[in-house]
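The values are calculated or read from the model by the stated rules, or taken from the named source; none is laboratory data. Predicted model, so just to flag it, every value in this text is computed and none were measured. Using ideal geometry, Cβ is built from the backbone for each residue, glycine included, and neighbour counts are taken over all protein chains shown.
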Amino acid sequence: MSIGFGLERLGLLTLRFPRIMAIAVLAFTALCTFQLTKFNIDGDLLRLYRGSGIEYDRYMALNENFGTFENDVYLLVRSDNLTDPETLEDLRFLGFELELNEFAAGTMSPFSLRRPAEGGTSVPAVPEGMETRAQVAAALDDLRANDPLMSNLILADNAGMVMIMFPDPEISIERGDEAMIASMRELIAAYESEDIRIELTGPSIWKQEVLNASRFDQLMFMFAGVALGFFTAFLSFRTFWGALIATFAPVVTAFWVTGMTILVFGSFTFLTNIVSALVLVIAFAESMYFCLYWMRTGNSGVDQRQALVETVRKVSPACALTTITTIIAFASLNLAPGQGLREFAISGAMGMALAFLALVTFLPLSLLLAVRLGFKMRKAPAAALTAPIPFVRRLARAAPRPAAIAAIIVVGLLLIPHFLLEARFRFQDFLPRGSDAIATSERIDAGVGGVAPVYIRIPLQGGLTEMTDGDFATVEKVHQIAENNFGAGKAISAASFRHYSDLGFSRERIFEAVGPFLRQRFVTDDGMQALVTAFSPTSENAQQTVALIESMRAELAAAGIEGAEISGFRVLTAYASLDMIATLQISLVLAVFLSVVLIGIAFRSWKMALVAVIPNSLPVLLTELFLYLSGIHLQLTTVISLTIAFGIAVDDTIHFLAHYARARERGESIAHAVDTTLDRVGPALIATTLILIAGCAVVTVSVLPQVALFGLLTIITLLAALIGDLIVLPALLIGGGMMFARWSERKNEIRA
């Protein structure tokens with residue numbers, strides 16, 4: 001069995017039965033092309049965390065009992081003349097129109113709130129018919145001072161207010177967030193002026209920003225990736241047609257991956273968006289390696305068709321093994337919780353399998369056609385690819401044993417920052433750089449409650465018509481605990497109406513005054529559960545959120561409140577993301593271990609596996625050193641990028657070892673086999689690394705910080721991997737060979 005476990009036979013079958021394979025390739029391409037007509041990207045960040053564990057279950061239970069929170073739309077209305085009666089009445093009409101919007105299930109604004117009045121009636125919380133600025137200012141000041149709801153809706157300097165629209169989930173699903181946001185923008189456009197400025201924010205706006213950025217990224221990754229790949233191939237081959245042939249297979253791979261991802265998952269996410277770009281550049285790298293080997297074999301005097309057969313036999317096994325190791329890297333991510341990571345892992349593994357399929361079917365078919373049309377790739381590789389080889393050969397020969405020992409020591413020292421790295425997460429890093437919605441959220445945080453609510457769900461003894469004194473006391477206690485942790489006035493609940501209770505109004509009258517929709521935001525219809533809502537700053541990171549929630553949970557337990565659950569999208573993302581990062585660290589170690597074991601099995605040599613450890617650990621550990629020194633530490637995409645970049649970096653090591661092993665089988669000495677491998681494989685490794693870096697460079701310009709960081713870290717890892725394969729690996733092979741030889745001599749002396 002070959003190092004490719006026999007998978008290269010698919011390429012030989014392609015050469016033996018080209019017509020049958022061509023029909024199969026065309027049929028599969030047609031299927032994937034049809035799927036492209038259904039192309040769409042899902043910007044829902046909740047999809048990333050679906051099925052991630054207990055925090056996700058709590059969040060869904062919260063939605064089930066109190067309605068959907070993930071699509072709330074916040075309007076920050078600012079005006080220097082808010083106390084002008086005419087301006088106030090204009091905004092009152094805005095509040096009414098907001099409530100009548102076709103997407104609205106309900107609203108919360110200073111104008112939607114009512115207060116109980118004598119005679120069993122209720123009146124608007126913001127009085128109507130005020131005639132002077134002084135009256136308006138006095139009314140707003142009174143509401144902000146005595147009504148906790150109003151203190152979270154009216155800015156302290158009376159320079160603005162917040163309105164919240166709660167979308168109808170059925171209409172939102174049917175019409176989509178994009179239509180809802182367009183409707184909102186059309187509404188506010190009628191009220192905006194030099195005096196009134198209105199900004200939108202909230203989860204649905206965040207999702208739309210992510211969606212728009214992902215759409216832009218998808219187009220940019222594909223077109224720029226193909227263009228840069230072709231340009232790099234052209235510089236390497238120095239022929240237009242040669243570069244074009246090397247580009248065909250990656251482009252077809254991208255079609256296949258995109259089509260199959262849509263077929264399997266129905267849509268892309270901002271994470272699976274990266275897969276298409278990654279697989280494209282990996283396919284480019286393998287295509288370049290394949291074509292360079294074919295070109296070199298053909299230039300040695302072998303018939304072009306026979307050179308193609310020889311290339312399939314010699315290159316495909318190594319490509320099969322690199323595909324398997326990269327699939328292992330992707331598959332290891334499946335250990336982490338959350339649907340988003342599982343989709344990324346599956347689509348990445350599937351993409352790598354498709355890339356290999358294109359390499360051993362579509363590319364040989366393309367080269368067969370090119371040969372039949374008379375194409376001959378006679379030019380030698382560009383001098384830029386061969387120029388560094390004499391230098392690295394001298395380095396490998398200069399002091400191999402000290403270099404090998406130094407590399408081992410360096411890897412050992414780099415384990416120190418590996419264990420010092422901390423898990424970090426900030427929700428806003430998922431959103432585009434310069435996000436208007438995040439800037440608006442931070443302005444709301446500074447002025448009133450906030451756009452990152454945390455919810456405490458409280459079980460009650462029950463009171464279908466009016467909350468009992470015991471239940472109300474429980475709500476008050478939880479409300480106080482929330483304010484102790486989030487700040488005075490940063491929580492709302494049924495206890496917020498204490499002012500009206502003190503005036504003699506019953507709780508039933510108060511709930512009737514606020515209306516049935518808002519009542520559901522405080523207590524369920526059956527009176528068995530109550531809700532306390534606290535507001536945390538948008539800028540808060542996951543560690544701060546977790547510390548705050550754990551403090552609250554400890555206080556709730558100390559107060560003897562049983563069954564209370566704290567949830568919210570901010571809570572979910574904080575806990576689930578830190579959990580994902582911790583699991584992904586384990587996945588990375590597992591991917592490294594399994595890949596090294598697989599190399600040992602494929603080459604049937606534990607020495608080969610041992611030699612592969614250092615040059616493949618070095619790039620990951622150097623990138624982790626960068627993460628530690630830069631203060632970035634471990635974030636969701638940083639651990640993913642380390643795992644995937646390792647899977648890609650192993651590819652070059654496998655190609656190097658495959659050629660080295662063949663040279664040794666021919667009877668060459670270790671040093672001569674290393675020289676031969678550097679001459680034959682070195683230029684291809686440089687070319688493929690350039691292709692990969694060019695493709696990842698496109699990813700670094702993404703407006704999504706996490707995606708851009710993914711690209712940057714992958715580039716750092718790939719550069720370190722190239723150094724490891726061209727300098728460290730040869731030194732280890734030569735130096736290790738010397739050490740093993742001396743050990744064998746001593747062993748033989750002892751036996752004698």
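Residues ALA30, ALA61: which one is among the aliphatic types (A, V, I, L, M), more than 27 Å from ILE198 (Cα to Cα) and assigned by TED's automatic domain parsing to the domain that holds LEU271? Quick ask: steps written out before the conclusion?
Values: ALA61 fails: assigned by TED's automatic domain parsing to the domain that holds LEU271.
So the residue among ALA30, ALA61 that is among the aliphatic types (A, V, I, L, M), more than 27 Å from ILE198 (Cα to Cα) and assigned by TED's automatic domain parsing to the domain that holds LEU271 is ALA30.
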**Request:** Please identify the pairs in which a residue from region 128-139 that is touching a residue at least 60 places away in the same chain (Cβ under 8 Å) has its Cβ atom under 6 Å from the Cβ atom of a residue that is loosely packed, with under 14 Cβ neighbours inside 10 Å and assigned to a helix (DSSP H, G or I), counting only partners at least 6 apart or on another chain.
**Result:** none
**Request:** Specify which of the listed residues (MET350, MET295, MET260) is assigned to a helix (DSSP H, G or I), touching a Pro at 6+ places or on another chain (Cβ under 9 Å), assigned by TED's automatic domain parsing to the domain that holds LEU704 and not small (Gly, Ala, Ser).
**Result:** MET295
**Prompt:** Quick one: what pairs do we get from region 235-252, first residue in the same structural domain as THR689 (by TED's automatic domain parsing), second of a type in the set (D, E, K, R) and in a helix (DSSP H, G or I), C-beta under 9 Å, 6+ apart or different chains?
**Reply:** ALA249/GLU286; PRO250/GLU286
**Fill in**
Scanning region 632-656 residue by residue, those under 19 Å from ARG424 (Cα atoms) and of a type in the set (A, V, I, L, M) turn out to be ILE632, LEU634, LEU636, VAL639, ILE640, LEU642
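Hey, which of the strands (runs of 3 or more DSSP E) in region 102-173, taking only ones fully inside, have at least 2 residues that are under 21 Å from LYS490 (Cα atoms)? Walk me through how you get there before you give the answer.
Details: elements: 104-108, 114-116, 122-124, 160-167.
Filter on region 102-173 gives 104-108, 114-116, 160-167.
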**Residues located in region 11-53, provided they are closer than 30 Å to ALA336 by Cα, surrounded by 13 or more Cβ atoms within 10 Å (Cβ to Cβ) and out of contact with any Pro (no Cβ under 9 Å at 6 or more places or on another chain)** = CYS32, GLN35, PHE39, ILE41, ASP42, GLY43, ASP44, ARG47, LEU48, ARG50
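For TYR49, are the conditions met, namely being touching a Gly at 6+ places or on another chain (Cβ under 6 Å) and either modelled with pLDDT of 85 or more or outside the structural domain of ALA134 (by TED's automatic domain parsing) (or both)? Steps first, answer last, please.
Numbers: touching a Gly at 6+ places or on another chain (Cβ under 6 Å): yes; either modelled with pLDDT of 85 or more or outside the structural domain of ALA134 (by TED's automatic domain parsing) (or both): yes.
It is true that TYR49 is touching a Gly at 6+ places or on another chain (Cβ under 6 Å) and either modelled with pLDDT of 85 or more or outside the structural domain of ALA134 (by TED's automatic domain parsing) (or both).
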**Prompt:** Out of all the residues in region 268-282, is one or more of a type outside the set (Val, Ile, Thr) and over 25 Å from GLY340 (Cα atoms)?
**Reply:** no
**Fill in**
Given the conditions (1) closer than 30 Å to VAL475 by Cβ; (2) crowded, with 24+ Cβ neighbours inside 10 Å; (3) of a type in the set (Asp, Glu), every one holds for GLU550 apart from (2)
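Which residue out of ASN158, ASN146 is of a type outside the set (D, E, K, R), touching a His at 6+ places or on another chain (Cβ under 6 Å) and farther than 30 Å from GLY43 by Cα?
Result of the check over ASN158, ASN146: ASN146.
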**Request:** List every residue pair whose Cβ atoms sit under 9 Å apart, with the two residues 6 or more apart in sequence or on different chains, where the first one lies in region 602-618 and is surrounded by 17 or more Cβ atoms within 10 Å (Cβ to Cβ) and the second, anywhere, is aliphatic (A, V, I, L, M) and part of a loop (DSSP other than H, G, I, E, B).
**Result:** ALA602/MET1; ALA602/ILE3; PHE603/ILE3
**Complete:** From the option list VAL532, VAL514, VAL523, single residue qualifying as at pLDDT 85 or above and either outside the structural domain of SER151 (by TED's automatic domain parsing) or closer than 25 Å to ASN146 by Cβ (or both) is VAL532
**Request:** State yes or no: is SER630 surrounded by fewer than 17 Cβ atoms within 10 Å (Cβ to Cβ), polar (S, T, N, Q) and more than 30 Å from LEU7 (Cβ to Cβ)?
**Result:** yes
**Fill in**
Among residues of region 213-234 being free of Cβ contacts under 8 Å to residues at least 24 places away in the same chain and closer than 27 Å to PHE344 by Cα, the residue surrounded by the fewest Cβ atoms within 10 Å (Cβ to Cβ) is LEU219
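So if I check each of LEU308, LEU363, LEU369, which one is free of Cβ contacts under 8 Å to residues at least 60 places away in the same chain and more than 30 Å from SER587 (Cβ to Cβ)? Break it down stepwise before answering.
Values: LEU308 fails: free of Cβ contacts under 8 Å to residues at least 60 places away in the same chain; LEU363 fails: free of Cβ contacts under 8 Å to residues at least 60 places away in the same chain.
LEU369 is the lone residue from the list that is free of Cβ contacts under 8 Å to residues at least 60 places away in the same chain and more than 30 Å from SER587 (Cβ to Cβ).
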**Fill in**
Apart from one, (1) closer than 28 Å to PHE111 by Cβ; (2) among the aliphatic types (A, V, I, L, M); (3) assigned by TED's automatic domain parsing to the domain that holds ALA370 all hold for MET222; the odd one out is (1)
**Request:** Have a look at GLU99, GLU128, GLU86 and point out the one that is in contact with a strand residue (DSSP E or B) (Cβ under 8 Å, 6 or more places away or on another chain), surrounded by fewer than 21 Cβ atoms within 10 Å (Cβ to Cβ) and farther than 14 Å from MET161 by Cβ.
**Result:** GLU99
